[in-house]
Each structure stands twice: as structure tokens, then as C-alpha cells.
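J.: Below is one structure. I have some questions about it.
The values are calculated or read from the model by the stated rules, or taken from the named source; none is laboratory data. Since the model is a prediction, treat every value here as computed from it, not as a measurement. Because the Cβ atoms are built from the backbone with ideal geometry, glycine has one as well, and the counts that use them run over all protein chains shown.
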Amino acid sequence: MTVKIPIVTIYNGKGVKEANKSLFSLEKSAKKLAKSLGLGLSTAAVVAFGKASIKAFLDDDKAAKQLSKTLDNLGIAFESPAVADFIAKMEKATGVADDELRPAFNSLVIATHDATKAQDMLGLALDVSAGTGKDLGTVTAALQKAYLGNNTALQKLGVGLTKAELASTDFNAISEKLTKLFGGAAEANAATYSGQLDILARSADNAKESIGKGLLDR
């Protein structure tokens, strides 16, 4: 199903308040809109989709701006375009939502003060997450703490490293061992049927966010 963005010309709102007013006024013409899209949707379904699209965009925009502010505070605001591109590519390649990737990257760049290092660590976190079944937030938090010298959380993940190994090696050595154990796991997961469905779902989410932005821009 292809939803064409030009349908947003039906709305004439500017800003959240105006957009919401437009969504409510859409009720009278919602069936006509659904028909033009080739969708057998009720009036309520079309209005609900519009509201959900706006919310999806607002949430995404807020998260993006929060990360941008972190980079600015660290004095590396110039890295923002590259970071945004990196996260978009990671989402497309792995099927992990940018809603998860941005907070993970944010915590890593706060720890490292280095966008490139944070990218490397996020890639490792995705592999460990895919290889262990642990959620990305938990893995990222453990890696962040390990980078700062606390390996306790990493030990609890059950990543195949003994307490003695974690106590006697630095973060670079730990990263090398984790890469050896889990390297490529995220890519392999993305190639599975489930992984492909996740990637498709992310594409649908992004389309919804684009429609939501279009509604607010009108």
C-alpha cells in the first residue's frame, strides 16, 4: 500500500494546536480521503491515523533534538548530521528503531565525549544484544559503565567473560573479546525472517512520522 504525502494539503493547520483542529474537522471528509487513498477505513480510523502520525513525528523530533543538544553541550555539535545519518543507517540495516538507537547513542557519547567511539560502541552493543537476547538499553548501560571502569553490570549480562577476566583487562581488551564472541550477530539477525519484518516495520514507522510532519507543516 502506498500512501502519497500530498494528501496533507487537506489540512491547513500550523503547529500542534492547529493540526489537532484540522484533524477534528477532517471527520466530515474522512471517508472521501480514505477513498482517495484506496483504503476501506472508517471516519474514526482515518482521524486516529492522523493523530497517531502527528504523535509519532513529535516523539521522534523530541528525541532527535535531545540528542542534538547533548552533542552541542559536549562541544561536538558539528557531528550532528553524521550522527543522524549513522542512526538512520543502523535502523535500516538492523531493524532496531531509532527510538532505541538514539537513547543508546546518547548515553555512550556522554560517557566517551567522542561521537566516533560512541558509534563503535553502539555497533558492539547491537551485536551483543542480538547475540544474547538482552535488550539494547541494558547492554548499552553495561558497556557505558564498563567504559567508565565498572564491569559489574557487564558481568551480569552473561557474555562469556569471567569475573577474573573482567577484573584484569581494560575496556579495549573487553571490546575485542566481545567482538570475537558476538561480532556480526546484529547483521545475522537482520537477515532472518523476523529481522526482515522488523526492518519493514521501521519503514512503516518512518512513513507515519513523515506524514505527521507533513500535517504539522501545512
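J.: Within the range 150-170, is even one residue under 19 Å from residue 104 (Cα atoms), modelled with pLDDT of 90 or more, out of contact with any Pro (no Cβ under 8 Å at 6 or more places or on another chain) and among the aliphatic types (A, V, I, L, M)?
T.: Checked against the condition, which is being under 19 Å from residue 104 (Cα atoms), modelled with pLDDT of 90 or more, out of contact with any Pro (no Cβ under 8 Å at 6 or more places or on another chain) and among the aliphatic types (A, V, I, L, M), the range 150-170 yields no hits at all.
J.: Please work out which one of (1) surrounded by fewer than 15 Cβ atoms within 10 Å (Cβ to Cβ); (2) free of Cβ contacts under 8 Å to residues at least 40 places away in the same chain is the condition residue 184 fails and give its number.
T.: (2)
J.: Starting from residues that are of a type in the set (A, V, I, L, M, F, W, C) and without any contact (Cβ under 8 Å) to a residue 40 or more places away in the chain, keep the ones in the range 86-108 and report whichever is surrounded by the fewest Cβ atoms within 10 Å (Cβ to Cβ).
T.: 88
J.: Filter the range 109-125 down to residues that are of a type in the set (A, V, I, L, M) and under 20 Å from residue 198 (Cα atoms) and give me whichever is surrounded by the most Cβ atoms within 10 Å (Cβ to Cβ).
T.: Restricting to residues being of a type in the set (A, V, I, L, M) and under 20 Å from residue 198 (Cα atoms), the top hit is 125.
J.: Tell me whether the range 31-46 contains one or more residues that are surrounded by 14 or more Cβ atoms within 10 Å (Cβ to Cβ), modelled with pLDDT of 65 or more, in contact with a Lys or Arg (Cβ under 7 Å, 6 or more places away or on another chain) and part of a helix (DSSP H, G or I).
T.: No, the conditions are met nowhere in the range 31-46.
A quick yes/no check of all residues on (1) buried (at least 16 other Cβ atoms within 10 Å of the Cβ); (2) out of contact with any strand residue (DSSP E or B) (no Cβ under 6 Å at 6 or more places or on another chain); (3) among the charged types (D, E, K, R); (4) over 26 Å from residue 91 (Cβ atoms):
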{"residue": "127", "(1), (2), (3), (4)": "yes, yes, yes, no"}
{"residue": "131", "(1), (2), (3), (4)": "yes, yes, no, no"}
{"residue": "141", "(1), (2), (3), (4)": "yes, yes, no, no"}
{"residue": "149", "(1), (2), (3), (4)": "no, yes, no, yes"}
{"residue": "167", "(1), (2), (3), (4)": "no, yes, no, yes"}
{"residue": "175", "(1), (2), (3), (4)": "yes, yes, no, no"}
{"residue": "204", "(1), (2), (3), (4)": "no, yes, no, no"}
{"residue": "213", "(1), (2), (3), (4)": "yes, yes, yes, no"}
